[in-house]
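The structure under discussion appears below in the form of structure tokens.
Just so it is clear, none of the values below were taken in a lab; they were calculated from the coordinates. Remember, it's a predicted structure, so these values are computed and weren't measured experimentally. Cβ: placed from backbone, ideal geometry, glycine included. Neighbour counts: every protein chain shown.
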4 protein chains.
Amino acid sequence: MIRVGIIGATGYAGGELVRILANHKDAKIVWYGSRSYIDQRYSQVYQNMFRIVEDVCRDDNLQELAAQADVIFTATPQGFLAGLLTEEILQKVKVVDLSADYRIKDVKVYEKWYGIEHKSPQFIPEAVYGLCEINRGQITEKTRLVANPGCYTTCSILTAYPMVKEGLIDVSTLIVDAKSGTSGAGRGAKLPNLFCEVNENMKAYGVASHRHTPEIEEQLGYAGDCQVTINFTPHLVPMNRGILATEYASLKRKADGSLPTCEEIRAAYEKYYAGEKFVRVLEPGVCPETKWVEGSNYVDVNFVVDERTGRIIMMGALDNLVKGAAGQAVQNMNLMFGLPEDEGLELVPCFP
Amino acid sequence: MIRVGIIGATGYAGGELVRILANHKDAKIVWYGSRSYIDQRYSQVYQNMFRIVEDVCRDDNLQELAAQADVIFTATPQGFLAGLLTEEILQKVKVVDLSADYRIKDVKVYEKWYGIEHKSPQFIPEAVYGLCEINRGQITEKTRLVANPGCYTTCSILTAYPMVKEGLIDVSTLIVDAKSGTSGAGRGAKLPNLFCEVNENMKAYGVASHRHTPEIEEQLGYAGDCQVTINFTPHLVPMNRGILATEYASLKRKADGSLPTCEEIRAAYEKYYAGEKFVRVLEPGVCPETKWVEGSNYVDVNFVVDERTGRIIMMGALDNLVKGAAGQAVQNMNLMFGLPEDEGLELVPCFP
Amino acid sequence: MIRVGIIGATGYAGGELVRILANHKDAKIVWYGSRSYIDQRYSQVYQNMFRIVEDVCRDDNLQELAAQADVIFTATPQGFLAGLLTEEILQKVKVVDLSADYRIKDVKVYEKWYGIEHKSPQFIPEAVYGLCEINRGQITEKTRLVANPGCYTTCSILTAYPMVKEGLIDVSTLIVDAKSGTSGAGRGAKLPNLFCEVNENMKAYGVASHRHTPEIEEQLGYAGDCQVTINFTPHLVPMNRGILATEYASLKRKADGSLPTCEEIRAAYEKYYAGEKFVRVLEPGVCPETKWVEGSNYVDVNFVVDERTGRIIMMGALDNLVKGAAGQAVQNMNLMFGLPEDEGLELVPCFP
Amino acid sequence: MIRVGIIGATGYAGGELVRILANHKDAKIVWYGSRSYIDQRYSQVYQNMFRIVEDVCRDDNLQELAAQADVIFTATPQGFLAGLLTEEILQKVKVVDLSADYRIKDVKVYEKWYGIEHKSPQFIPEAVYGLCEINRGQITEKTRLVANPGCYTTCSILTAYPMVKEGLIDVSTLIVDAKSGTSGAGRGAKLPNLFCEVNENMKAYGVASHRHTPEIEEQLGYAGDCQVTINFTPHLVPMNRGILATEYASLKRKADGSLPTCEEIRAAYEKYYAGEKFVRVLEPGVCPETKWVEGSNYVDVNFVVDERTGRIIMMGALDNLVKGAAGQAVQNMNLMFGLPEDEGLELVPCFP
């Protein structure tokens, strides 16, 4: 039985870890870390867990936790883990970090976009970017530190990955227009996240400046073996869960000037995803809907080719708290402990 | 492995049966009945089931289905099953009926409230009212026909049951004010259920005439061993899932004129529910919220005593598609096949 | 042109005052008071007012404001106005208080339910309870201080008023089950009001203890000329605006044991409301819906008689920010300045 | 007093015309046309209009209506008006068509995108495209037929218009990612528009094939004096009202390779919109939100320049039923009758 510690257990992503691990047969949570609710019963913070979780919340003592757990999930603000992580800790316990601290290889890029100094850049090279479908080979029982991808990032990357990897699109034209449910904004009591401010409303935010941008660019850059610079525009949607990414790029024409056919493009998607349990390439003509993946670890993707403009419109949908956070973190944990990758993740999407 | 047939598999309750049974280790769906979508793949109707369910929808042939299944769930309009059920079918297969056809023992009451003739009243005496927490003793491997309780009904009854059973309230004063998410209205394409008609709106409907009224009255009548006549007022709420029942009744005073204490009332609730997995009596002061049970088979109940008026306010919350329909149906199936009652129902509520 | 000052202009009720007064041809806002946003442009707080309101927010200086305005609206927390109001102010300016400070005649009742000491009880006798449909005669050009009724209160009282006034119901059996949109909770950044906590959720709160209870009891007590003690249960609904009150009471039987007829009851409603512009008694069989009054100053009411239980179910719906706050406040202002009561309130409900 | 007839008065756009015209001091509705509800009282279809509108619904007799009205609004399905319009009618009455029948000058383009034959192409040349901010000069008291722009179209065009007109962007790179509330889908009882299908969900639809595409292309083509071919992707959002368009295009570099500055771009927006009452260019850094224009005739626009990619991200928001339909239709009517353009349109946005 894997002993799990969670730092940040009372945020929405932390809560989702608790929900998923409650039905994981090889893992058991031993530490519900929450600075805000120390000594309160976890089920008083999240009443849905009444009679399911009996534990109380504890503080963020990473040292002590390292001695008691086999793996730590950190669902914490940027900079938190980077400020505390040590070699000593990593020798005792595996870490899956749901923050951005170790996602970006170039520390200068991190510091520029996040506006904070990175306190432990020495661990960046070791950290594996935990997008299992792409980096599965690097996530093994030897892996000590996984940087769990962001929610927007997972959706944006997986939606475009086969096109970039196969060189079918001109990456300089790539635009990602993403829409997110409000749980992505976290559980902080902030005015813009009040019900009456979000409900019956829609807006873009972080235009040309959102922190997930360099993460998408870096990973797609690896895929395409080139420098990638994109437009990424997040939007806030009046729903709890779900991210929908609509992505645009010009298709590369063949030598004869023709566009790749839908079949060729579909073959590229199938090449990378046919064997992937958690990525579903939908049937032709079916647009992904966030509700169809709600509560599950699936990413649904599909595309439309527009002959008129020579562009492909790629679409992807996932649950930001599952495949975009906690589910993917558990998927990484499974790989790090030699378990079946889908252990505890046989979550059937809930509709309606 | 129990072979399951579903009639009405593409309604919301039918879809929820499919979701729940997908993770049931001792049951397997062999027949997805849906008159509206015959020969279409089930996952084209409910895309959330893409790559999870490969079957196509079939018609409603109860005879043929009886030969292939061990149990049939009928999530069908009122009168459907009553018009088709025969002794021959019941000799071959168990039936859990999610409609109202066999819930009410007095066929005249059924015919009056539902406005249709009952075509097979001969099965009414045999049918067990499948509210497991109350009628568990009658739901056994010998049971052939279970009348699965309605969503409003389950919530309304379980919220008041200990008070009625223990004679702590004056049942003639009982009022049930219930609020339901919109999935309770079904998947029919009707104008009042359009997004723009329901969203940002709230209303009562079926005031003093809703069909779940006699069902609540009958069951609470058994509990209190008396005639029960109540006011039941359903309301439509702009959310997908969830029923909240707020119930009012005058407490019976003791010989000395005093009201029962909160501790005495709590003891009554604990007497009936302490051993029940799916009924959670919340801690003092905590009001049930529908979101805390979403996606799960739990009913959360609690109460407040108002010394000023001498009344108790009882509150209950459940997910209308789970404990109010499909989850309870599976709970009944488990009992009918000698399985652990919570098999496949270890559903952790999803928040947010 | 009436010069209007608003204290608390950046709360939801304050914002609604600004919206309504923007189209009022005889009033002009001269002071947008907001402690939180002093010196910020009002339209930066509420971008809907961009290019409509050019003013900046100012502090809460009641003295200075009294010198510049003809009427002050205070949309402020309980106790605020009571702590600042003086005879000197009232000699200079009329005040419409949207808080509860002067609504309850018995200061002990106020202090018990609100848990604060009342700092200026000397003004309570003078304050007129500003429910225009009932107290119109007392709201005149001589009136200096109006206690604007609460949102739940307005809805609850107007829904039952004719029944109580005409002695048609047994008031000791009166139960008010009320449901409110989330704007009623105000614009404070509190966790329970976050989008993800409210959306897809429903709950009761303040059960048997909500502060609007004594206000309803007092006013219905005047109507019935008797002591009224009720159960009042508020619920939070995932919508922005709207209150729906469902009220239950036993009808008084006539000498011959029969219930009052629907026609007799309707006649009672018409007696009080036939001439009222802002109270619409709906046609038989039509249940009020909050969406039908959204953005307007209407209250829609109706009733159903249940012969089985001898009870009447009364229903009322209003927009909590309009008839439940700002609209009613403007209605009071109109009366206090001798204007047509509906001036600036010809707001057509917005659907969908 | 202008006598107004509405065909399609019980759809959402028709209902909004009724709401707006209820407060228009120079217009009076004399004909509420609705095939579905003939002889029913209008206020029984839209209870918000109870006691405001007393008329009954009438059929679609255009001939008879032409004799009784000064202007007809047709809020009808595509092809309806084209099949009935005659020279005789136009000699008697002005027509503002809210359908697409006369929006597109090239009848072949219309027939291709709409898949129906145009029955009266002879009126296309005469019809004025009623986007007042751009075509005001052509909408005069002599105008007989106005093609009222579509909701997506109005938003998409006005958001990009100054950039295209001033030649600041490469129109071949223009991409419009649009998000709409559900009232845009109309009031038809269709399964995909049910509350439970839309709520907590988001999807793209009509990808690369939506009928508003050629309308946007034609109008921006006039602005840029060039052929325009764009990607336009509509999305369905779980809210009643509002359209948000997020638009992407590469900025044209100057001779020295530099991008236009934010000030230069802002100047272009101001050049066209500074004098426009209904177009609000927001302050730098403020992203439009649909809620800020709800219920009003405003379009809010703004932009962000991304130096990294050389693109501009333009954003626009409007209420699809007001500026996207009924409000714009009234704006056109005002111009056609020599009234102030904003008569009856002083609608203050409603928040929250």
> Under a 5 Å amide H to amide H cut-off, with H placed in plane at 1.01 Å, what residues pair with A:L194 once short-range neighbours are removed?
Replying inline: C:F195
> Build a GNM of chain C with springs between Cα atoms under 10 Å: which of C:G224, C:G327, C:G130 gets the top mean-square fluctuation?
Replying inline: C:G224
> What's the average, rounded to a whole number, of partner chain beta-carbon atoms within 10 Å of each residue's beta-carbon in D:174-182?
Replying inline: 5
>> I'd like to know how region A:2-126 sits against the 2.2 N^0.38 Å rule of thumb: what's its Cα Rg over that expected value?
In response: 1.08
> Alpha carbon centre of region D:1-24 versus region A:113-151: separation in Å?
Replying inline: 59
>> Can you give me the distance in nm between label points at D:D55 and B:A189, each placed 7 Å from the Cα along the Cα-to-Cβ direction?
In response: 3.0
>> For the pairs C:K92/C:K142; C:K203/C:K252; C:K28/C:K119; A:K112/C:K190; B:K203/C:K252; D:K165/D:K271, flag any whose C-alpha to C-alpha distance is greater than 22 Å.
In response: C:K203/C:K252; C:K28/C:K119; A:K112/C:K190; B:K203/C:K252
>> What do you get for trypsin sites (Lys or Arg not before Pro) in region C:2-52 restricted to DSSP loop and a cutoff of at most 16 other Cβ within 10 Å of the site's Cβ?
In response: C:K25, C:R51
> Name the chain D residue with the Cβ nearest the axis that maps D onto A: which is it, and what is the distance in angstrom?
Replying inline: D:D177, 2
>> Based on the alpha carbons, how large is the Rg to Rh ratio for the protein assembly as shown when Rh follows Kirkwood?
In response: 0.96
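Send over the Kirkwood Rh of region A:214-316, from the inverse of the averaged 1/r over different Cα pairs, rounded to one decimal Å.
Across region A:214-316, the inverse of the average 1/r is 15.4 Å.
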> For C:K112 and B:T261, what is the calculated FRET efficiency with R₀ set at 22 Å and r taken between the beta-carbons, to the nearest 0.05?
Replying inline: 0.45
> Residue by residue through region C:87-103, which ³J(HN,Hα) values in whole Hz follow from phi under the Karplus form 6.51 cos²θ - 1.76 cosθ + 1.60 (θ = phi - 60°), with glycine and proline marked x?
Replying inline: 4, 4, 5, 5, 7, 9, 8, 7, 10, 10, 9, 7, 8, 8, 4, 10, 7
> If you put a point 7 Å past Cα along the Cβ direction, how far is that point for B:K28 from the same point in each other copy, in nm, smallest first?
Replying inline: 3.3, 7.5, 8.2
> How far is D:R3 from itself in the other copies, in nm, if each label sits 7 Å out from Cα along the Cα-Cβ line, shortest first?
Replying inline: 4.9, 7.3, 8.8
> How far is D:A189 from the same spot in each other copy, in nm, shortest first, if each label point sits 7 Å from Cα toward Cβ?
Replying inline: 1.1, 4.6, 4.7
> Over the protein assembly as shown, what is the percentage of antiparallel beta bridges among all DSSP beta bridges, to the nearest 5?
Replying inline: 50
> With each pseudo-label sitting 7 Å past Cα toward Cβ, what's the B:K277-B:Q63 distance in nm, one decimal?
Replying inline: 3.9
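Cα gyration tensor of chain B, axes a ≥ b ≥ c as square roots of the eigenvalues: rounded (a/c below 1.5), prolate (a/b > b/c) or oblate?
It comes out prolate by the Cα gyration axes.
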> Looking only at other chains, what is the average number of their beta-carbon atoms within 10 angstrom of each beta-carbon in A:243-256?
Replying inline: 2
> Once amide H atoms are placed 1.01 Å from N in the peptide plane, what residues at a sequence separation of 5 or more from B:I2, or on another chain, have their amide H within under 5 Å of its amide H?
Replying inline: B:A27, B:K28
> Separation between the C:D342 and A:D342 pseudo-spin-labels, each 7 Å from Cα along Cα→Cβ, expressed in nm?
Replying inline: 6.4
>> Using the Karplus curve 6.51 cos²θ - 1.76 cosθ + 1.60 with θ = phi - 60°, what ³J(HN,Hα) values do you get for each residue of region C:284-296, in whole Hz, with x for Gly and Pro?
In response: x, x, 9, 8, x, 10, 5, 5, 6, 10, 4, x, 10
